[in-house]
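Heads up: the structure comes next, in structure tokens.
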Amino acid sequence: MSRVSQAEAQANRQRVVEAAARLFRERGVANVSVVDVMEAVGLTQGGFYKQFASKDALVVEAEAKGFGDMLQYLAGLDADHGGHEAALGALYDTYLSADHRDAPGSGCPAAGFGGDVAREPEWRAAYAAGVRDMADWVAPGKTGLAGLATLVGGIILARATAGSPLSEEILEAVRDTAAPGAEATPR
């Protein structure tokens with residue numbers, strides 16, 4: 001057996017975290033084993049415990065990776081759209097799309113990890129920090145929290161009803177009533 005260098009070990013660790021972030025969002029933490037994650041990157045289970053104290057430690061790192069990637073994406077929207085209002089509109093369009101609905105593994109970590117984190121208090125600190133950062137990008141204070149909650153709730157409901165006409169209706173309703181510049185229709 002050959003030993004890996006520190007650089008290779010660090011690269012392997014990053015690959016494991018990236019794979020875990022994707023798999024946990026796709027299938028849920030309980031439905032992904034350490035073996036699944038390690039097989040996804042072509043490594044053995046034995047190598048896992050040289051890098052991570054536990055699966056719980058991996059979950060926290062995977063959450064942080066997912067939120068870090070999302071914040072980079074949001075910063076890119078600002079840069080690409082020449083202003084925050086236009087970037088926010090673009091977020092609503094892409095977030096509330098069939099593509100995002102159908103690709104939870106590469107999608108929003110707030111939606112992808114939410115159900116799992118609600119059941120495991122030890123994972124909540126990393127999740128709460130990521131949610132706060134995303135909400136702050138949407139808008140300051142309660143407005144950002146409400147906007148993010150609307151986006152996340154919309155995509156979760158659309159995923160849960162995927163394959164039915166209701167799923168598309170949900171995506172459209174949230175885009176049409178909650179996106180910047182949208183006019184809510186009175187009852």
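Using the alpha-carbon atoms, what tilt in degrees (0 to 90, nearest 10) does helix 141-160 show relative to the longest principal axis of the chain?
It works out to around 70 degrees.
Between the helical axis of 6-27 and the dominant principal axis of the chain, each derived from Cα atoms, what acute angle in degrees is found, rounded to the nearest 10?
With rounding to tens, the tilt is 50 degrees.
Over the chain, with the other protein chains present, what is the accessible area per residue in square angstrom, probe 1.4 angstrom?
Per residue, the chain has an accessible area of 54 Å².
Taking the Cα centre as origin and putting +1 on Lys and Arg beta-carbons and -1 on Asp and Glu beta-carbons, what dipole magnitude results for the chain, to the nearest 20 debye?
For the chain, the charge dipole is close to 640 debye.
Which of the following values of Cα Rg over 2.2 N^0.38 Å was calculated from the structure shown: (1) 1.82; (2) 1.07; (3) 1.13?
(3)
Roughly how many percent of the accessible protein surface of the chain is carbon and sulfur, given a 1.4 Å probe and a whole-percent answer? Display every interim value, and only then the final one.
Values: 5480 of 10030 Å².
C and S fraction of accessible area: 55 percent.
For K50, which aspartates and glutamates qualify as cross-link partners when the Cα separation must be under 16 Å and same-chain residues fewer than eight apart are set aside?
E8, E39, E61
Do the sum for the chain: with -39,500 (n - 2.57) for every DSSP H run of n ≥ 4, divided by all residues, what is the mean residue ellipticity at 222 nm, to the nearest 500 deg cm²/dmol?
Computed mean residue ellipticity for the chain: -24000 deg cm²/dmol.
If you take the charge dipole of the chain about its Cα centre, with +1 on Lys and Arg Cβ and -1 on Asp and Glu Cβ, which of G163, P104, V41 is farthest toward its positive end?
Result: V41, furthest along the dipole toward the positive end.
Compute the long axis of helix 165-178 from its Cα atoms, compare it with the longest principal axis of the Cα atoms of the chain, and write down the angle in degrees, 0 to 90, nearest 10.
So the helix axis and the longest Cα principal axis differ by about 70 degrees.
Report the charge-dipole magnitude of the stretch 120-167 in Debye, nearest 20, computed about the Cα centre from +1 at each Lys and Arg Cβ and -1 at each Asp and Glu Cβ.
160 debye
How big is the charge dipole of the stretch 60-149 about its Cα centre, in debye rounded to the nearest 20, if each Lys and Arg gets +1 on its Cβ and each Asp and Glu gets -1 on its Cβ?
Values: 6 positive and 14 negative charges, 59 e Å.
That gives the stretch 60-149 a dipole magnitude of about 280 debye.
The values are calculated or read from the model by the stated rules, or taken from the named source; none is laboratory data. Because the structure is predicted, anything quoted here is derived from the model rather than measured. Every residue, glycine as well, gets a Cβ built from its backbone with ideal geometry; the counts of neighbours run over all protein chains shown. Just the protein is used for accessible areas: all its heavy atoms, side chains included, with ligands, DNA and RNA removed. Shrake-Rupley method; radii C 1.70, N 1.55, O 1.52, S 1.80 Å.
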